[in-house]
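See structure below.
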Amino acid sequence: MRNRDDLLALVLDRIVAEIPAPYRPSGPLRERLTTLISDTITVLGRHRGIATILFANVPTGPNALASPTACSACCRVRISRQARAWAVDLIALYVTAAGTEATIYQEKGTTSLKETEMISSIRRTFASLSPQTYPNIHDLREELVIGDGDDRTRWAIETLLNGILATAQFSVITTEDSAMSPSAAVAPARPG
């Protein structure tokens with residue numbers, strides 16, 4: 001081990017080994033990915049500060065590589081190579097943020113009672129906002145505080161997967177592929 005970063009990478013790799021078998025070889029794509037994402041968030045959220053190691057770092061330990069490998073394998077049939085590669089990155093960014101948030105709630109000692117009190121306070125604040133000054137928040141004041149963490153996580157995962165699947169055939173046109181300018185280097189995949 002050369003430094004603190006190497007130590008943290010080793011700790012991360014040991015912790016992500018707790019993520020249950022990342023995927024089943026068959027079954028609905030959404031179900032497999034949803035389970036993988038949820039399980040990863042749960043494991044990262046159980047260990048104070050571990051998710052933040054993933055920000056701006058690419059884990060390369062054997063256990064840390066299991067989830068991206070499983071994620072890519074789940075998507076292999078329906079998603080282009082480039083979209084699959086970027087989906088792995090996007091999902092990793094989401095689970096890192098969600099795992100970090102879960103850790104923060106644990107550090108605060110957030111319980112059902114505290115969460116209820118917090119939501120009540122937010123609800124009162126939103127209700128007191130001027131519709132002229134904050135028209136959008138005022139309009140959505142009830143919807144903004146509906147649902148618990150599990151409801152919001154399910155919605156976030158579904159939204160994330162919808163976006164990934166909607167751009168399933170996305171590709172990048174490189175300078176070898178085209179004489180396009182760099183600003184036009186990203187385009188939908190070309191038909192077959």
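Read-outs: derived from the displayed coordinates by stated rules, not from any lab. Predicted, not measured: the structure shown is a model, and the values here were computed from it. No Cβ is skipped: glycine too gets one built from the backbone with ideal geometry, and neighbour counts run over all protein chains shown.
Above 16 Å, the calculated P(r) of segment 115-158 contains 43 percent of its Cα-Cα pairs. Amide H to amide H distances under 5 Å link Ser171 with Ala187, Ala189, where only residues 5 or more positions off or on other chains count and H is placed in the peptide plane.
Between Glu142 and Arg30, full extension at 0.36 nm per residue minus the direct alpha carbon distance yields a gain of 37.4 nm. Under a Cβ-Cβ cut-off of 10 Å, what is the net charge of the residues other than Pro131 that fall near it, where Lys and Arg count +1 and Asp and Glu count -1? Local net charge: 0.
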